Amino acid sequence: MLEVEQKYRVSDSDELADRLIEIGATAGTAEQHADTYYRHPCRDFVQTGEAFRVRRINEVASVTYKGPKLNVADETLKAREEIEWCLAPGDSDGTQMERLLVALGFEAVTTVAKQRVSYRWPDNHDSASFTVTIDCVEKVGTFAEIEQLVETSDGLDSAATEIATLANQLNLSQRVRESYLELLLNVL
């Protein structure tokens, strides 16, 4: 599966949350995320467009690799393969994984901290294939991400169109291409 997402800067998260509920979405539980990104010892992820992180959601850890960004006509849209797995109960906080990464030569870059609320629609709804998140990112600001999963790169253009349509419904217009990591590094 490929993750296709568009990020938008948000000025009023309460207004956006109300609009999402108005059009049939349901809010999930607020989560505290702490994403520690790592630098590969032999490959420059900035140059390759990849990312590797240990994510803690309410102190439960997972590991994510994000592949190179795929070429999409709309350059503000991101599409790429994402591989993610939850760490075993024996390392639910990610401490052992981080020790392993350092032992293998990886270096922590920084940690992106945010509060996230995800919104989804019922399976029988027109927007059921979307997830919209509202993220309050420390030191960076408030954003919304509209995400859709597609099976192959053939679905990228269709996903881009559908994401743009939903963004218009939600009055989102200030698109952001940079990742939260890039945005945070620009203010540090």
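Relative to the Cα centre, the charge distribution of the stretch 98-188, modelled as +1 at Lys and Arg Cβ and -1 at Asp and Glu Cβ, gives a dipole magnitude of about 420 debye.
Think of the chain as having a plus end and a minus end, set by charges on the Cβ of Lys, Arg, Asp and Glu; of V72, S153, M97, M97 sits farthest toward the positive end of this dipole. Contact order, relative form, for the chain: 32 percent (alpha carbon pairs under 8 Å, 6 or more residues apart, mean separation divided by residue count).
Per-residue 3J(HN,Hα) values for the stretch 145-157, derived from phi via the Karplus relation 6.51 cos²θ - 1.76 cosθ + 1.60 with θ = phi - 60°, read 10, 9, 10, 9, 9, 10, 6, 9, 5, 5, x, 5, 5 Hz in sequence order (x marks Gly and Pro).
Residue by residue, the stretch 178-188 carries 3J(HN,Hα) couplings of 5, 6, 4, 4, 4, 4, 5, 4, 5, 9, 7 Hz when phi is fed to the Karplus relation 6.51 cos²θ - 1.76 cosθ + 1.60 (θ = phi - 60°); x denotes Gly or Pro.
Report note on the peptides 83-95, 25-37: ranked by the mean count of other C-beta atoms within 10 Å, highest first, their order is 25-37, 83-95. Going by a ≥ b ≥ c, the root eigenvalues of the Cα gyration tensor, does the stretch 26-101 fall in the rounded group (a/c under 1.5), the prolate group (a/b larger than b/c) or the oblate group? Oblate shape, in that a/c is at least 1.5 and b/c is the bigger or equal ratio. Couplings 3J(HN,Hα) of the stretch 125-130, computed from phi: 8, 4, 9, 4, 7, 9 Hz, in residue order, whole Hz [Karplus 6.51 cos²θ - 1.76 cosθ + 1.60, θ = phi - 60°; x for Gly and Pro]. On a per residue basis, the chain carries 54 Å² of accessible surface, using protein heavy atoms and a 1.4 Å probe. Atom-type composition of the exposed protein surface of the chain places 48 percent of the accessible area on carbon and sulfur (1.4 angstrom probe). Between the alpha-carbon centres of the stretch 1-62 and the stretch 73-113 there is a gap of 12 Å. Only Lys, Arg, Asp and Glu carry charge here, each on its Cβ (+1 for the first two, -1 for the last two); on that basis the stretch 14-107 has a dipole of about 460 debye about its Cα centre.
The values are calculated or read from the model by the stated rules, or taken from the named source; none is laboratory data. Because the structure is predicted, anything quoted here is derived from the model rather than measured. Every residue, glycine as well, gets a Cβ built from its backbone with ideal geometry; the counts of neighbours run over all protein chains shown. Surface accessibility is based on the protein's heavy atoms, side chains included, excluding ligands, DNA and RNA. Shrake-Rupley method; radii C 1.70, N 1.55, O 1.52, S 1.80 Å.
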